[in-house]
1. If the requirement is being within 20 Å of Ser126 (Cα to Cα), among the small types (Gly, Ala, Ser) and free of Cβ contacts under 8 Å to residues at least 60 places away in the same chain, which of these qualifies: Ser56, Ser67?
2. Could you grab me the full set of residues in segment 157-170 that are in a helix (DSSP H, G or I), surrounded by 16 or more Cβ atoms within 10 Å (Cβ to Cβ) and over 20 Å from the mean Cα position of the chain (by Cα)?
3. Which ones in segment 60-77 are outside any strand (DSSP E or B) and either not aliphatic (A, V, I, L, M) or not assigned by TED's automatic domain parsing to the domain that holds Glu116 (or both)?
4. Within segment 81-88, does at least one residue satisfy the condition of being out of contact with any Leu (no Cβ under 9 Å at 6 or more places or on another chain), among the β-branched types (Val, Ile, Thr) and assigned to a helix (DSSP H, G or I)?
5. Output the qualifying pairs, or none if there are none: Cβ atoms under 6 angstrom, residues six or more apart or on different chains, first residue in segment 110-132 and in the same structural domain as Gln91 (by TED's automatic domain parsing) and touching a residue at least 40 places away in the same chain (Cβ under 8 Å), second residue of a type in the set (Lys, Arg) and outside any helix (DSSP H, G or I).
6. Confirm whether Val80 is out of contact with any Cys (no Cβ under 6 Å at 6 or more places or on another chain) and not assigned by TED's automatic domain parsing to the domain that holds Tyr200.
7. Part of a helix (DSSP H, G or I), under 18 Å from the mean Cα position of the chain (by Cα), basic (Lys, Arg) and at pLDDT below 95, is that true of Arg141?
8. Among the residues of segment 178-195, which ones are outside any loop (DSSP other than H, G, I, E, B) and either surrounded by 13 or more Cβ atoms within 10 Å (Cβ to Cβ) or within 20 Å of the chain's Cα centre (by Cα) (or both)?
Amino acid sequence: MTRILIIDNHPLIREGLKRLLEGHPTLQVVGEAGDGYGALHRLMAGPVDLAIVDISLPGLSDVELISRLRAQRPGLRVLVLSLHGHVAIAQRALCAGANGYLTKDMAPELILASIEKVAEGGRALSPLLAEALAFESLQQRRGQDALSAREQEVLEGLANGESLGAIAVRLGISHKTVSTHKANLMTKMGFNSMADLFRYAIAQGLCLAEVQG
């Protein structure tokens, strides 16, 4: 039996999820919380296997909440259920450790199927987000394929937190040349900021510290 904690500041949403899961043979709601701090407190009260989380909560929300839930209960599976369907928000939640991201406008049967999938150890995304993320990944993969060997080396260095100066020393080239390679790869990849670069690097396994840690 998968024990579920529902974390949402809207009582109607919590009640709706409880009714959706009521009588399920392998899923059991064991608690609920209306804010992030309440969720952390409830997590200490007893065993929980899966947290269904709205990331727009008072006090503690988004990446910090997901990270603290996972830190407090290693092995906890986290499924985000949010009003926000923006790709950047979903990426941030997934990079923080969420096992899935759903939107509240999904049909109840799809939400239930996604909860079952995550409870069994899988991952789940809302159909529209999955399509958007796949398209973005394809565009960026094409961009990476267009990088020169040197631009690829600079990308990997930046992804692992190296400064431009450190990359220049390691590659035996000037700081100015590294800056040029950085500007070129940012354009080819369609990155508007270093945050975009880091999100892509994590998703593609380019961050060695992330992979090994």
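1. Numbers: Ser67 fails: within 20 Å of Ser126 (Cα to Cα).
Matching residue, one of Ser56, Ser67: Ser56.
2. Taking segment 157-170 first, the residues in a helix (DSSP H, G or I) are 157-159, 164-170.
Next cut, surrounded by 16 or more Cβ atoms within 10 Å (Cβ to Cβ) only: 157-159, 164, 167-168.
Residues satisfying the conditions are Gly157, Leu158, Leu164, Ile167, Ala168.
3. Correct list: Ser61, Asp62, Glu64, Ser67, Arg68, Arg70, Gln72, Arg73, Pro74, Gly75.
4. Checked against the condition, which is being out of contact with any Leu (no Cβ under 9 Å at 6 or more places or on another chain), among the β-branched types (Val, Ile, Thr) and assigned to a helix (DSSP H, G or I), segment 81-88 yields no hits at all.
5. Short answer, once both residue conditions are applied: Val118/Arg77.
6. Numbers: out of contact with any Cys (no Cβ under 6 Å at 6 or more places or on another chain): yes; not assigned by TED's automatic domain parsing to the domain that holds Tyr200: yes.
Spelling it out, Val80 is indeed out of contact with any Cys (no Cβ under 6 Å at 6 or more places or on another chain) and not assigned by TED's automatic domain parsing to the domain that holds Tyr200.
7. Details: part of a helix (DSSP H, G or I): yes; under 18 Å from the mean Cα position of the chain (by Cα): no; basic (Lys, Arg): yes; at pLDDT below 95: yes.
No.
8. Going through segment 178-195, the residues outside any loop (DSSP other than H, G, I, E, B) turn out to be 178-189, 194-195.
Residues satisfying the conditions are Val178, Ser179, Thr180, His181, Lys182, Asn184, Leu185, Met186, Lys188, Met189, Met194, Ala195.
The values are calculated or read from the model by the stated rules, or taken from the named source; none is laboratory data. This is a predicted model, so every value here is computed, not measured. In this analysis, Cβ positions are derived from the backbone assuming ideal geometry, glycine residues included, and neighbour counts consider all displayed protein chains.
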